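Below is one structure, written out as structure tokens; comments come after it.
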Amino acid sequence: MISLVKLSFLKKGYIVVKRMEFELKEGEKAVQNIAREFAEKEVLPRAAEIDRKGKFPSDIAKRMAELKLFGLPFPEKYGGASATMMSYVLAVEELSRASASIGFLSSAGLITMFPILYAGSEWQKEEYLRPLCSGEKLGAFALTEPTAGSDPVSIDTTAVHESEEYVLTGRKAFITNAAVADIYVVFAYTDKSKKKDGMSAFIVEKGTKGFSFTKMEDMMGMRGCIVGGLAFSDCRVPEENRLGSEGDGFRIALATLDRDRIAMSSIGVGIAQACLDASKKYSKERKQFSQPIASFQAVQFMLADMATGVEAARLLTYKAAYLADKSERITKEASMAKLYASEVAQRAATNAVQIHGGYGCTKECPAERYFRDARILSIAVGTSEIQRMVIAREVLKRDAQ
Ligand SMILES: Cc1cc2nc3c(=O)[nH]c(=O)nc-3n(C[C@H](O)[C@H](O)[C@H](O)COP(=O)(O)OP(=O)(O)OC[C@H]3O[C@@H](n4cnc5c(N)ncnc54)[C@H](O)[C@@H]3O)c2cc1C
């Protein structure tokens, strides 16, 4: 049972305490169990190898498809599981506890499917959302460019309308699932003079003439995910592949990032929980000064901080998912969860390495992998600085928060 207390400060000066109580539904518990069993039996034994090889684990992606893990929070009508966002975060936490790369792979699915659900036509949902939900095809979300990361309004990619096609020209950078994905949601300007109101989104299929892949990155963490660049040169995309209307792109991107930030926070919770699990076990086994290192207060305090961080990050993540399930605005809550869980995961990973001592600095020790994976979280899907800017903007514009 989870209980959140929300304080609302009314203009008259009264403080009203609204108690929001919610319990995991039977279906959510079932999803959590399926994800946990899969993660423990099939992902965890492969986690170190996935990290070491830095190759896309296609066999694991295939199993995730069989278990319907890709399309979890998407309608059954399009091949999804019609599960709640809460179910989705529970599943991503379990996957990430075993291997953050696999949690990240799941979030790359969400970030591609959501724009199609949110803004796609019925034809686009049948043609593109359905195979993404089933896991038959993989997706990628392409917003970032070599010269535009935190400031996506400064992208240079253009889409020129010519008869019944759009001609895409430009480059994208740091795209998760680059080259392994089949379906790409690509952001480009149809009218740059209108700034963000002139940005549009397009579905581009792998193999489209004029669409190629550039540099694949050798990332420090989440190494089971392929991250690389895309190039568009005289790439002709049918008009019917535009998502929504011309000028809807920025709005689609922001709504999608809100959702994906919840996914990133569940990855953070999963990594932090893994750090706590490993640190508890090791500190009880490792002896120095003739006693388990868990008997030293300095080590106990690190464990206490980790456990507290995991719980707090989990509650923020659940709250954001809960609000998403109620179709409420989640911009502030998703950014808070993402910011906090990223930082909790990094602190937990630093302390996990510390508790494991010299062994913690070796590639043999899982804490070393947690440390590198956690570092990615405060950069991908908007840096911590950008999350703070979003939160501050939301807090300042809303009287009651
Ligand atoms: C593993 C990984 C996967 C990714 N996958 C995708 C993907 O699938 N699709 C996609 O589109 N992108 C993806 N990205 C890109 C990611 O979203 C960007 O890296 C991120 O938004 C930051 O942009 P940047 O790297 O250009 O950094 P920059 O924007 O250059 O930022 C550099 C530093 O400056 C700070 N900074 C910038 N502006 C401000 C400001 N106004 N105030 C204060 N500080 C500021 C930043 O916080 C950061 O610390 C991925 C990145 C990584 C690492």
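Annotations for the structure displayed:
- Positive dipole terminus of the chain, leading residue within Val237, Ile355, Ala312 (C-beta point charges): Ile355
- Cα centre as origin, Lys/Arg/Asp/Glu Cβ charges: region 177-253 dipole, Debye: 200
- The sum of -39500 (n - 2.57) across all DSSP H runs of n ≥ 4, divided by the residue count of the chain, sets its helix-only mean residue ellipticity at 222 nm to -16000 deg cm²/dmol.
- Translational diffusion of region 68-149, µm² s⁻¹ [Kirkwood Rh, Cα pairs; Stokes-Einstein; 4 °C; 1.567 mPa s]: 99
- Rounded to the nearest 20 debye, the dipole magnitude of the chain is 1300 debye, with +1 charges on Lys and Arg beta carbons, -1 on Asp and Glu beta carbons, and the Cα centre as origin.
- Ranked by the mean number of other Cβ atoms within 10 Å of their residues, highest first, the peptides 270-283, 44-57, 68-81 come out as 270-283, 68-81, 44-57.
- In the context of the full set of protein chains, residues of region 159-279 present 37 Å² of accessible surface per residue (probe radius 1.4 Å, heavy atoms only).
- Each of the peptides 336-344, 387-395, 249-257 was scored by the mean count of other Cβ atoms within 10 Å over its residues; in descending order, highest first, they stand as 336-344, 249-257, 387-395.
- Separation in nanometres of the label points that stand 7 Å from Cα toward Cβ, at Ser193 and Ser121: 2.7
- Counting 0.36 nm for each residue step from Glu42 to Lys62 and taking away their Cα separation leaves a gain of 6.0 nm.
- Helix axis angle, 366-377 relative to the chain longest principal axis, alpha carbon, degrees: 40
- Accessible area expressed per residue, region 84-130, with surrounding protein chains retained (probe 1.4 Å, Å²): 21
- Using a cut-off of 24 Å between Cα atoms, the listed pairs Lys77/Lys326; Lys196/Lys397; Lys172/Lys319; Lys55/Lys77; Lys137/Lys326 include Lys172/Lys319; Lys55/Lys77; Lys137/Lys326 as exceeding that distance.
- Shape of region 278-401, Cα gyration tensor, a/c cut at 1.5: prolate
- For the chain, the carbon plus sulfur part of the accessible surface works out to 54%, probe radius 1.4 Å.
The values are calculated or read from the model by the stated rules, or taken from the named source; none is laboratory data. Because the structure is predicted, anything quoted here is derived from the model rather than measured. Quick reminder, even Gly has a Cβ in these numbers, built from the backbone with ideal geometry, and neighbours come from all protein chains shown. Surface accessibility is based on the protein's heavy atoms, side chains included, excluding ligands, DNA and RNA. Shrake-Rupley method; radii C 1.70, N 1.55, O 1.52, S 1.80 Å.
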